[in-house]
Structure formats: structure tokens, C-alpha cells
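Novice: Below is a structure I'd like to ask you about.
Read-outs: derived from the displayed coordinates by stated rules, not from any lab. Quick caveat, the model's predicted, so the values are computed rather than measured. Positions of Cβ are generated from backbone atoms using ideal geometry, with glycine treated the same way; all protein chains shown enter the neighbour counts.
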Amino acid sequence: MLITNANIITWESPNRILSNHAIYIESGRIKEIGSTKSLTAKYPKAKKNDAGGQYVMPGNICAHTHFYGAFARGMAIPGPAPKDFPEILQKLWWPLDRSLDAEGIRYSALVCLVDAIRHGTTTLIDHHASPNFIDGSLDVIADGVDKSGLRAVLCYEVTDRDGSEKANAGIKENVRFLKRLASDPHPRLAGTFGLHASLTLSGATLQACRGAAPEGTGFHIHAAEHESDEYDSLAKSNLRVMDRLQKHEILGPNTITAHGVHLDAREMEIVRETGTWLTHQPRSNMNNGVGVAQIESMMRLGIKVCLGNDGFSNAMWEEWKTAYLLHKVHHRDPRRMGGYDVTQMAVYNNAALAGMFFPAAPIGVVAPGAVADLIFVDYHPYTPLTDGNLPWHIIFGFQQSMVTATMVGGKFLMKDRKLLTLDEAEIAARAREIAPRIWKKYEEEVAKIL
């Protein structure tokens, strides 16, 4: 395949913007980049796709999300509004995850995958929970990912909050799925070992997870999202969250910690020293009122900070914009969280994290040998767009509606804004049909704690 007449944003380091260029793709990877004229002459028999002057760039990557939360959209929370994050967990997320059956899991994943394709997010790292349907739940999600054509990393959230039997079932589901992928690899699927948070995990369960995880496997865990996680850890172990996770050998270069809003200075050093990844989800942090993580300090310290969405829409440029603005208002200083810092998280660090799970070829870059995970963006700048000012064009100019095509591994998943692998109308219609059943089950679950 030959993509012609493209303005290419390579996201190399340093980044380049190449006008009127072409990309030759073979076997799902980028083989060559050159001028449209030269590659058209070199590959006269190649199937051509004219980008028509659009920007062609690597697909976005989401470092932390929750497909299972999709049915929360528009759902009423009974009783008084939750006053803090622990109440949000108890009154919203935990009753909702207990309300999911196989079909609910399938369609919560599918609507998120549709959203990702439409908004140009090609790789997602998901964190799943469904205590009343654990065994095989990751296969249900994996089947949706496979049909969608997207790339995803999956895990099941182990927690003690539903009892030891279900905690053990969660451990088994992670191990089973990891073994499945080891014996039958999939080019667009990977796995890690999911944990909820120190807040809902005993020392015994953490040790069981560490012992059960296959060699070389890391973990995906929420950490210090709210003060309650820190106070619970201190009460259980006289250790702060990261100290406790380090004690149980959960941290390391293959582990992802989400949020880190309430880490202290020593905990940040632990994250850096262990090579652990940390993901920032500013839209979620604002919505839950949990505070603002010291992201700039973490990055200065050398922590590998990535950008996720925590189950918000898979329009990752919205997360860029929120990160850029949130830290300014929080510090009352317009110099905070510059565009290059956001780019470091969202582009370079996210690509490095995705590459850890999909090491066969570079990801998140337009370069020979890289996977052809690309998006077409119909953006018409009315001021000069350069290598240097691109982050600010994305933050102030790019909109998710401008994505006209999404490609993974050289295959179009959406072209001319038409989805090709998933039936968006059918998926949305079926999701609307089953939502009342899930909401009714949710009301029954939340009534148990009111």
C-alpha cells in the first residue's frame, strides 16, 4: 500500500513534518518514506490511498483506561451525591462492576473500541473488573479487540473487596490469559497482571499475586489516587503505598501505576529507582476531585510518566488539553505544564510503554520498520505549523472530529470517517437495549450499601 499526498508528522525524536510525502507499507509495517513523486515512481503497482494533503501521523496511545465503565454514562447514582472518591467507588464503580455479565462486558468494550477508532486511538491499555463474571472475562474483551482491529493490553483487577474466593478467581484469570497469549500469541493483544489498589488488597493477596505472576510479568495498579489509599496503607503496614508495593515486589520496569496523586517525595524516588511507569489521567482526577499529581516534579525526577484517560472518551487530544490547562490553574501559573511536557507524556513515553508490550517493531512513530498504526487528520492551520510549535496546534487546534481515517498494522479500521471493522449503529443499538438491565442490577447492588 502507498499513502500519497500526505503531510507527515513522524513523531521521531526530534520530530519532523514532511510536506507532500508518501508512505509505503508492506506486511503491516512502514517500509519506506519519501516524496510522493519519488515513491509513486518507485512503486507504480502499489495500491494507492491519496491522503489529499491531510496530516498523517501515528495513532494515539492510551496508557490507562477502563472499558467496563462505559455503562455509567447517563446513569443516576441513588441518594445524595458522593462527597469524595471513596464514596464514588462505593456508590458508583463497585456496584457497577458487580452488575456486568458477559454481554455487558462485551458491549462495554465494543462501544469503547468504536470510540477509539473514530477518535484515532490505536493502542489502549485496559484495566478490567467484573466480580460476577471473572473466568473468561478477558477473552470476551479480547474477542472485541480482535474484531475491531485495534491493539490492546488487558488485565483483570484483583481485589479483596468481594472476598477471598473472587480474589483468587481474579488471580487465576490473569494467569490464564497470560498463559493463553504465551501459547498462542496475537500480534495486537498483550497482557499484564491487574491489581485494584493497595486500598483493597491484603498483604497475603499481594504476595499471592506476586507468586502467581509468570516470570517477567509486571502489574497494572492504581496507586495513591486519593488520600484514603495512603492512610489505609499506613494503617495496614505502617508504610506508604509505594513503600508497601515495593516491599511486596510489585513495582518494577514492567509495572504501571495509575495516578500517583498523593505520593510523597520518597515514594516518587521509589518509582524512579524501580523503573516503574506512572500514568496521569487529568480529566478523571478533576471529575473525582482527588487533587493534582506533581507530574512536572516526577518528570524532572526521571519518572516515566504516561498519559491515560481512566475510562473517559478515547479522544486523547482532550486529555492533552486538560493536562496542559489543569496544572496552570492549580498552580496559578501559566508557565506550568508546557506543551513539550505534554508531548513527552502523550507521545514519547506512551510509545515506549506500548513498545514494552509489543516489542516486535517500533510503535508510535512514522519511520521505516515501524508498525503502520496511523491516523489521517483533516486539519487546516491558518498560522504556520512547524516541528517546534506542533504541540500548541494540537492543544488549541486539533479536534477529534478531524480524524478521517484510522489504520492499525497497515489495515484501515476507518476510512473517510466510515468504520470498516465494527458496526457502530448495531453496537450502539444493542448497548442501549441492555443498558436498562445493567442499570437495574446496579440499583440492586447499590441498595445493599445505602
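Novice: Rounded to whole Hz and in sequence order, give me ³J(HN,Hα) for the range 190-206 from the Karplus expression 6.51 cos²θ - 1.76 cosθ + 1.60, θ = phi - 60°, writing x for Gly and Pro.
Specialist: Per residue, the Karplus-derived 3J(HN,Hα) values read 9, x, 9, 10, x, 9, 5, 6, 3, 3, 10, 10, 6, x, 5, 5, 4 Hz.
Novice: While we're looking at this one, here's another question. What 222 nm value per residue comes from the helices of the chain, counting each DSSP H run with n ≥ 4 as -39,500 (n - 2.57) and dividing by all residues, nearest 500 deg cm²/dmol?
Specialist: -11500 deg cm²/dmol
Novice: Dipole of the range 60-357 (Lys/Arg Cβ +1, Asp/Glu Cβ -1, origin at the Cα centre): which of GLY339, THR121, MET75 lies farthest to the positive side?
Specialist: Sorting the options by dipole projection puts first GLY339.
Novice: Related question: Distance in nm between label sites at ALA235 and GLU443, each 7 Å beyond Cα in the beta-carbon direction?
Specialist: 3.3 nm
Novice: Something else about it: Counting Lys +1, Arg +1, Asp -1, Glu -1, what net charge surrounds ASP373 among other residues with beta carbon under 11 Å of its beta carbon?
Specialist: +4
Novice: List the lysines whose alpha-carbon lies under 21 Å from that of LYS42, not counting same-chain residues fewer than 8 positions away?
Specialist: LYS31
Novice: Mind listing the long-range amide H neighbours of ARG29? Cut-off is under 5 Å, sequence gap 5 or more, other chains count too, H placed in the peptide plane at 1.01 Å from N.
Specialist: Hits under the 5 Å cutoff: ALA372.
Novice: Relative contact order for the chain using alpha-carbon pairs under 8 Å, separation at least 6, rounded to a whole percent?
Specialist: Reported relative contact order: 22 percent.
Novice: Also, quick follow-up: Residue by residue, what Karplus-based ³J(HN,Hα) values in Hz, rounded to whole numbers, does the range 430-440 have, using 6.51, -1.76 and 1.60 with θ = phi - 60° and x for Gly and Pro?
Specialist: Each residue of the range 430-440 in turn: 5, 4, 5, 5, 8, 4, x, 5, 5, 5, 5 Hz.
Novice: Going by amide H atoms built from the backbone, whose H comes under 5 Å of the H on LYS304, apart from near neighbours?
Specialist: LEU278
Novice: Could you name the lysines in cross-link range of LYS166, using Cα to Cα under 27 Å and dropping any fewer than eight places away on the same chain?
Specialist: LYS91, LYS179, LYS236, LYS247, LYS440, LYS441, LYS448
Novice: Whose amide H sits under 5 Å from the amide H of LYS411, counting only residues 5 or more places off or on another chain, with H placed in the peptide plane?
Specialist: The list, which skips near neighbours in sequence, is empty: none.
Novice: Restricted to Cα positions, what overall size does the range 374-450 have along the principal axes? Three whole-Å values, descending.
Specialist: Between the extreme Cα coordinates on each principal axis of the range 374-450 lie 58, 32, 22 Å.
Novice: Could you work out the relative contact order of the range 124-274? I mean the mean sequence separation of Cα pairs under 8 Å and 6+ apart, divided by the number of residues, in percent.
Specialist: About 20 percent, as a whole number.
Novice: P(r) for the range 1-154: what percent of alpha-carbon pairs falls in each 10 Å bin, starting at zero?
Specialist: Calculated P(r), rounded to whole percents: 10, 29, 24, 17, 14, 6, 1.
Novice: So for LEU89, LEU195, LEU96, fewest C-beta neighbours within 10 Å to most, what's the order?
Specialist: Going from sparsest to densest Cβ surroundings: LEU89, LEU96, LEU195.
Novice: Then there's this: Could you tell me what percent of the DSSP beta bridges with both partners in the range 60-357 are antiparallel, to the nearest 5?
Specialist: Among the beta bridges of the range 60-357, antiparallel pairing accounts for roughly 5 percent.
Novice: Still on this structure: Take HIS331, HIS119, HIS248 and order them by how many other Cβ atoms sit within 10 Å, fewest up front.
Specialist: Fewest to most other Cβ atoms nearby, the residues stand as HIS331, HIS248, HIS119.
Novice: Additional query: Could you tell me the largest-minus-smallest coordinate of the C-alpha atoms of the range 104-190 on each of the three principal axes, in descending order and whole angstroms?
Specialist: Computed over the range 104-190, the largest-to-smallest principal extents equal 40, 27, 16 Å.
Novice: Related question: Fewest to most neighbouring Cβ within 10 Å: what's the order for ARG151, ARG244?
Specialist: The order, fewest Cβ neighbours first, is ARG244, ARG151.
Novice: Over 42 Å, how big is the tail of the calculated P(r) for the chain, in percent of all Cα pairs?
Specialist: Cα-Cα pairs in the chain separated by more than 42 Å: 13 percent.
Novice: If you take the beta carbon distance between ILE17 and GLU426 as r and set R0 to 41 Å, what does 1/(1 + (r/R0)^6) give as a FRET efficiency, to the nearest 0.05?
Specialist: 0.60
Novice: So, one more: If you take the beta carbon distance between SER27 and LYS418 as r and set R0 to 30 Å, what does 1/(1 + (r/R0)^6) give as a FRET efficiency, to the nearest 0.05?
Specialist: Once rounded, the FRET efficiency stands at 0.75.
Novice: Please state the charge dipole magnitude for the chain, taken about the Cα centre, from unit charges on C-beta atoms (+1 on K and R, -1 on D and E), reported in debye and rounded to the nearest 20.
Specialist: Dipole of the chain, to the nearest 20 debye: 1080 debye.
Novice: Follow-up question, since we're still on this one. Which loop-located trypsin sites (Lys or Arg not before Pro) does the range 79-149 contain, where loop means any DSSP state but H, G, I, E or B and the Cβ has at most 12 other Cβ atoms within 10 Å?
Specialist: The qualifying sites are LYS83.
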